[in-house]
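**Q** This is the structure, below, for whatever I ask next.
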Amino acid sequence: DGVDTAHKAVVLASLAYGCCVGMENVHIEGIRGLSETDIRYAGDFGYRIKLLAVIKQWANDEVEIRVHPTLISRTHVLASINGVFNAAMVHGNMAGHTLYYGRGAGREPTASTVIADVADIARNLAAKAPCRVPAVASAGRRPKFRPMGEVSSRYYLRLSLLDQPGVLAEIAALLGRQRISIASVLQKEVSRGDHVPVLIVTHTAKEKDIDAALRDIEATDSVAGRVVRLRIED
């Protein structure tokens, strides 16, 4: 359900911005609803799906923190992180991209980290320096957290559409009504009765606009079931 990743995002954001960040500031979605179908279809577009914590600071000092399954290019370095391994990619204005990679699960990696923390505390006490400057300030200016509706991203959409002329044009019009433009469309020939799976990748759009468009799309008679929506990080 993404909660473990969200806790890691809270720790990293607190260290990055020098204040205590709460879980209420994080948008959280897990992989529970993710299907093998979307993993396969994402591959058709050249993507892999990873559970990411995304933390971004914008020019107006707003900070967004979100956890969700995300499409990333299969050539991206994070696409190769598998199994019990975790990775944190950081982008700095001066340093550019840096990557921190290692085992994030299992008894021995966890024990190693705990022992390292205990050793740090013991050395500080032995040196009579237990009151170092804390990583998180006790007081200071908190950043403004960006609401999820204001977050911008590209999107992967999977729809089950009625296999009739004009249906795809209707969907494009409903997306266009919310100022969402389509980057690519792929229709699968595998039919489920009268419906066929259609995959749409959008250009950058706001989350609230996607929400509004999907409400309109799901209300039409041309769409069966819910629309699958996954975000894309470039």
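The values are calculated or read from the model by the stated rules, or taken from the named source; none is laboratory data. Note that the structure is predicted; figures quoted are calculated from it, not measured. Please note: Cβ atoms are built from the backbone with ideal geometry, for glycine as well, and neighbour counts cover all protein chains shown. Only protein heavy atoms, including side chains, enter the accessible area calculation; ligands, DNA and RNA are left aside. Shrake-Rupley method; radii C 1.70, N 1.55, O 1.52, S 1.80 Å.
**Q** Would you work out what percent of the accessible area of the range 112-234, with all protein chains in place, is carbon or sulfur (probe 1.4 Å)?
**A** 53
**Q** I need the P(r) histogram for the chain: all alpha carbon pairs, bin width 10 Å from 0 out to the longest distance, whole percents.
**A** Histogramming the chain at 10 Å steps yields 6, 26, 31, 20, 10, 5, 2, 0 percent.
**Q** Note the full-extension length gain between ASP163 and ALA212 as 0.36 nm times their separation in residues minus their Cα-Cα distance, in nm to one decimal.
**A** The ASP163-ALA212 span can extend by a further 15.3 nm.
**Q** Still on this model: Per residue and in cubic angstrom, what volume does the convex hull of the Cα atoms of the range 92-137 have? Kindly include the intermediate steps, with their values, before the conclusion.
**A** Details: hull volume 5.8 nm³, N = 46.
Convex hull volume per residue, Cα atoms: 125 Å³.
**Q** Extending each Cα 7 Å along its Cβ direction at ARG177 and ILE31, get the distance between those two points in nm, one decimal.
**A** Placing both labels 7 Å along Cα→Cβ, they lie 3.6 nm apart.
**Q** Shifting gears a bit: Excluding VAL21 itself, what net charge comes from residues whose Cβ is under 14 Å from its Cβ, given Lys and Arg +1 and Asp and Glu -1? Don't skip to the answer; put the middle values down first.
**A** Values: positive: LYS8, LYS56, ARG66, ARG141, ARG142, LYS144, ARG146; negative: GLU24, GLU62, GLU64.
Net local charge, VAL21 excluded: +4.
**Q** What do you get for Rg/Rh of the range 1-43 when both radii come from the Cα atoms and Rh is the Kirkwood radius?
**A** My calculation puts Rg/Rh at 1.17.
**Q** Given the Cα-Cα distance of CYS131 and SER80 and 0.36 nm per residue of separation, how much length would full extension add, in nm? Intermediate values should be presented prior to the final figure.
**A** Working: separation 51, 0.36 × 51 = 18.36 nm, distance 4.02 nm.
In short, 14.3 nm is gained.
**Q** Could you work out the relative contact order of the range 1-72? I mean the mean sequence separation of Cα pairs under 8 Å and 6+ apart, divided by the number of residues, in percent.
**A** Once normalised by length, the contact order is 37 percent.
**Q** So, one more: Pull out the extension gain between GLU150 and ASP234, defined as 0.36 nm times the separation in residues minus the alpha carbon to alpha carbon distance; nm, one decimal.
**A** Additional length available on full extension: 28.4 nm.
**Q** Which GluC sites (Glu not before Pro) in the range 133-234 sit in a loop by DSSP (not H, G, I, E or B) and have at most 10 other Cβ atoms within 10 Å of their own Cβ?
**A** GLU189
**Q** Given a cut-off of under 8 Å on Cα pairs at least six residues apart, what relative contact order in percent is computed for the chain?
**A** Answer for the chain is 19 percent.
**Q** Follow-up question, since we're still on this one. Would you mind working out the accessible area per residue for the chain, using a 1.4 Å probe, and quoting it in Å²? Please report the intermediate quantities before stating the final value.
**A** Values: 13950 Å² over 234 residues.
Averaged over the residues of the chain, the accessible area is 60 Å².
**Q** Hey, can you grab everything whose amide H is under 5 Å from the amide H of GLN187? Only 5+ residues off in sequence or another chain; H modelled, so Pro and N-termini drop out.
**A** Correct list: LEU199.
**Q** Please work out the FRET efficiency for the pair GLU189 and ALA224, using the Cβ-Cβ distance as r and a Förster radius of 22 Å; give the result to the nearest 0.05.
**A** Result of the calculation: an efficiency of 0.85.
**Q** If you don't mind, there's one more thing I want to ask. Report D for the range 107-169 in µm² per second (integer): Stokes-Einstein, Kirkwood Rh on Cα pairs, 37 °C, 0.692 mPa s. Before the final figure, lay out the partial values.
**A** On the way: Rh = 18.4 Å.
In µm²/s, the coefficient is 178.
**Q** Moving on. By accessible area of protein heavy atoms, probe 1.4 Å, what ranking do ILE72, ILE39 get, highest first?
**A** Ranked list, largest accessible area first: ILE39, ILE72.
**Q** Taking only complete DSSP H runs, can you tell me which helices of the chain stretch 24 Å or more along their own long axis by Cα positions and average at least 1.6 on the Kyte-Doolittle scale?
**A** In the chain, no H run is both long and hydrophobic enough.
**Q** Then there's this: Over all directions, how big on average is the projection of the convex hull of the alpha-carbon atoms in the range 121-234, in square nanometres?
**A** Mean orientational projected area (the range 121-234, Cα hull): 12.1 nm².
**Q** Give me the Kirkwood hydrodynamic radius of the range 25-90 in Å, from all C-alpha pairs, to one decimal place?
**A** 13.2
**Q** Based on the alpha-carbon set only, what is the convex hull volume of the range 1-131 divided per residue, in Å³? Please report the intermediate quantities before stating the final value.
**A** Numbers: hull volume 20.0 nm³, N = 131.
Looking at the range 1-131, the number lands at 153 Å³ per residue.
**Q** Still on this model: Starting from the exponent 0.38 and prefactor 2.2 Å, build the expected Rg for the range 60-192 from its residue count and divide its actual Cα Rg by it.
**A** Ratio of Rg to 2.2 N^0.38 Å for the range 60-192: 1.68.
**Q** Quick check on packing: order 95-103, 124-132 by the mean number of other C-beta atoms within 10 Å, highest mean leading.
**A** Details: 95-103: 10.6, 124-132: 8.9.
The packing order, highest mean first, is 95-103, 124-132.
**Q** ASP120 to HIS203: FRET efficiency via 1/(1 + (r/R0)^6), r the Cβ-Cβ distance, R0 35 Å, to the nearest 0.05?
**A** Between ASP120 and HIS203 the formula returns 0.15.
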